[in-house]
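**Q** Sharing a structure here in structure tokens format.
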Amino acid sequence: MRAVWTLLVDSYRLLRARILFWIALGISLLVGVVYLSIGFTETGVSFLFGAAEFEHDVLRQGTDEAEILYLGIFSRFIVGLWLSWVAIILALVSCASIYPDFMSEGSIELALSKPVRRLTLFFSKYLGSLLFMLLLSGSFVLLVFLALRWRIGTWNPSIFWYVPLTVLVFSYLYSVVVLVTVRTRSTLAGVLFAMLVWFMSFILDFADEMLYTFSYEGRPDEELYEDELKLKQQLQKWHRVNLVAFGVLPKTKQTMLFADRLVVVAGDRGFSERDFANLLMGGMLPEPVGDEVDRALRRNSVFYILGTSLGFEAVMLGLAALGFCRRDF
């Protein structure tokens, strides 16, 4: 256990020495401060710490609508752009060279000279690499947690679910980097293959949403013409095929959206895409359409989203660990 702890501490020191870590941390804090600058007054919404104010009848200090909007901005815009994309890309680029550097001549001999199993060395390096995303997402969500207390007046610890979910998404993709870099010792190849898997996951996820919408939403079957019904049945068939193909890939987007089922809004209910969309549209979103939005986002089970993604990661890491343990250093 002491050897594992030593390896984790070494990984942390290595991350601190990387300039991308500090760049990502600085950008993360900047984004957090911008989010913190948004506030609510007795008459409306303020921006840039009160530099600009806009009156609004509904979005005012102390209302549930203000909390929904504030969490929606964080969940849909900041998490959707920063934590789900930019931060993960920076983390992948920064951590991609860890295994090639570790396996380089001189470094690996020193590590193998210690009384530690190769498998322990492999997974200690992997866990140490996850520290990058853990520290980045943890510090950012902590700032948002304090912002919610200041701007909304409530403590909402449920938003910390974004930390493990962000680390999970990073770990899915980083497992691909580890497999490729262990096999080829090429940092560039590892990043490119991870981005390819990410792109394929995005395409199949988009196809899943479109096929589901056109296959299962809309008018009941008994109200459709014969040719419309045949087309709908054909789309349902392709949706099932897409589910199988998508099942073998990590669900990066759906993993992040899973936080909507866990984050609590207004004290007793989960974050609702319908409520947020209604606020953005001035309350003009029809109720059935809003229900369809929430139902479409929550239709897949926990096992399908997290279980199959973790299964993909386990396969990638298993193959990488096998190659690492069998390599002749």
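The values are calculated or read from the model by the stated rules, or taken from the named source; none is laboratory data. Here the structure is a predicted model, which means the values were calculated and not measured. Positions of Cβ are backbone-derived with ideal geometry, glycine not excepted, and every protein chain shown enters the neighbour counts.
**Q** Would you please list the contacts, defined by Cβ atoms under 7 Å and residues six or more apart or on different chains, that run from a residue in region 23-39 that is in a helix (DSSP H, G or I) to a residue that is polar (S, T, N, Q)?
**A** From residues that are in a helix (DSSP H, G or I), the pairs are Leu25/Ser139; Ser28/Ser139.
**Q** Name every residue in region 42-59 that is surrounded by 13 or more Cβ atoms within 10 Å (Cβ to Cβ), closer than 19 Å to Leu146 by Cα and either modelled with pLDDT under 75 or of a type in the set (Lys, Arg) (or both), in order of residue number.
**A** Ser46, Phe47 - these are the residues of region 42-59 that are surrounded by 13 or more Cβ atoms within 10 Å (Cβ to Cβ), closer than 19 Å to Leu146 by Cα and either modelled with pLDDT under 75 or of a type in the set (Lys, Arg) (or both).
**Q** Looking at Gln234, Gln254 in this structure, which one is polar (S, T, N, Q), at pLDDT 75 or above and farther than 28 Å from Gly311 by Cα?
**A** Working: Gln254 fails: farther than 28 Å from Gly311 by Cα.
Testing whether each residue is polar (S, T, N, Q), at pLDDT 75 or above and farther than 28 Å from Gly311 by Cα leaves just Gln234.
**Q** While we're looking at this one, here's another question. Is it the case that Ala194 is small (Gly, Ala, Ser) and more than 22 Å from Gly80 (Cα to Cα)?
**A** Values: small (Gly, Ala, Ser): yes; more than 22 Å from Gly80 (Cα to Cα): no.
In short, no.
**Q** Something else about it: For the condition under 21 Å from the mean Cα position of the chain (by Cα) and over 21 Å from Phe21 (Cα atoms), what is the one hit in Ser171, Ser158, Ser139?
**A** On the way: Ser171 fails: over 21 Å from Phe21 (Cα atoms); Ser139 fails: over 21 Å from Phe21 (Cα atoms).
Just a single option satisfies the conditions, and that option is Ser158.
**Q** Tell me which residues, restricted to region 65-82, are in contact with a Leu (Cβ under 9 Å, 6 or more places away or on another chain) and within 16 Å of Trp150 (Cβ to Cβ).
**A** Within region 65-82, Ala66, Glu67, Leu69, Tyr70, Leu71, Phe74 meet the criteria.
**Q** Evaluate the following for Val182: is it surrounded by 20 or more Cβ atoms within 10 Å (Cβ to Cβ), closer than 25 Å to Trp22 by Cβ and of a type in the set (Val, Ile, Thr)? Please lay out each step first, then the result.
**A** Values: surrounded by 20 or more Cβ atoms within 10 Å (Cβ to Cβ): yes; closer than 25 Å to Trp22 by Cβ: no; of a type in the set (Val, Ile, Thr): yes.
Answer is no for this residue.
**Q** For region 168-178, indicate whether the set of residues that are without any contact (Cβ under 8 Å) to a residue 60 or more places away in the chain and of a type in the set (Phe, Trp, Tyr) is non-empty. Before the answer, list the steps.
**A** Narrowing region 168-178 to residues without any contact (Cβ under 8 Å) to a residue 60 or more places away in the chain: none.
No, every residue in region 168-178 fails to be without any contact (Cβ under 8 Å) to a residue 60 or more places away in the chain and of a type in the set (Phe, Trp, Tyr).
**Q** Take the conditions modelled with pLDDT under 85 and over 17 Å from Ile27 (Cα atoms) and apply them to Ser104. Does it pass?
**A** On the way: modelled with pLDDT under 85: yes; over 17 Å from Ile27 (Cα atoms): yes.
So Ser104 fits the description; yes.
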